[in-house]
Amino acid sequence: MCSSNRIRSQVMIGAAAVAAVTLSDAAARATVSGPPDGLSDAVGHWHPLLVHFPVALLLIAVVAEGLCVIRRDGRYADAARFMVTAAAWLSIPTAVTGFLRADALTLDAARQSLFAVHRIAGIATPVLAFLAAGLAEGTRRSGQVWEQMLYRIVLLLAAVAAGVAGHYGGQLVFGAGFFRLW
């Protein structure tokens, strides 16, 4: 019985050591601590809540547009057009809260490059989303094949930009090795 108590205590010591390392690693990744400091920081705290919806809308709009091509059903194009337009408008408060949140961040040199990619892709996403929304409406009115192809390319680029921004935002929050793509 004595050896099982010793094993149990060693397991507990090991678990405590792992928990301490995990907590210190999480603390090292934390860039902002404490409650919001001022109105702009408080508004910036909404960025993680707002960011997911426009990204999801863009990704599902690509799926709907793909289904429109495969099934030759215009209802999917209508759904994609609605989602792209909604994503474009919702990306504005997402970008604004992201900029406000960025002002409160303190990043080390290694994470600044992650943040630069996140910011560039985050700026590109609403620009491409509005361009795609405008092209979608123009395609609906004119029916021009070249305009439809351009719309689909820009929509895909908007979804890729949103995915890249999301990936690098996740790297900033959870650490550079959390989810490796390459």
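If you check ALA129, ALA124, ALA88 for being under 25 Å from PHE179 (Cα atoms) and in a helix (DSSP H, G or I), only one passes: ALA124. Residue selection: PHE174 fails the criterion of being out of contact with any Cys (no Cβ under 7 Å at 6 or more places or on another chain), modelled with pLDDT of 90 or more and aromatic (Phe, Trp, Tyr).
Taking the stretch 62-111 as the range and being free of Cβ contacts under 8 Å to residues at least 12 places away in the same chain and either within 17 Å of GLY163 (Cα to Cα) or of a type in the set (Gly, Ala, Ser) (or both) as the test, the residues that pass are VAL63, GLY66, GLY74, ALA109. How many residues are assigned to a helix (DSSP H, G or I) and either touching a Pro at 6+ places or on another chain (Cβ under 9 Å) or β-branched (Val, Ile, Thr) (or both) if we restrict to the stretch 95-121? Here the count works out to 6.
Could you say whether any residue in the stretch 57-74 is assigned to a loop (DSSP other than H, G, I, E, B), under 20 Å from the mean Cα position of the chain (by Cα) and on the phi < 0 side of the Ramachandran plot? No, because not a single residue in the stretch 57-74 is assigned to a loop (DSSP other than H, G, I, E, B), under 20 Å from the mean Cα position of the chain (by Cα) and on the phi < 0 side of the Ramachandran plot. Does any residue of the stretch 114-124 turn out to be within 22 Å of CYS68 (Cα to Cα) and assigned by TED's automatic domain parsing to the domain that holds PRO54? Within the stretch 114-124, not a single residue is within 22 Å of CYS68 (Cα to Cα) and assigned by TED's automatic domain parsing to the domain that holds PRO54.
The values are calculated or read from the model by the stated rules, or taken from the named source; none is laboratory data. Keep in mind it's a predicted model, so treat the numbers as computed, not measured. Using ideal geometry, Cβ is built from the backbone for each residue, glycine included, and neighbour counts are taken over all protein chains shown.
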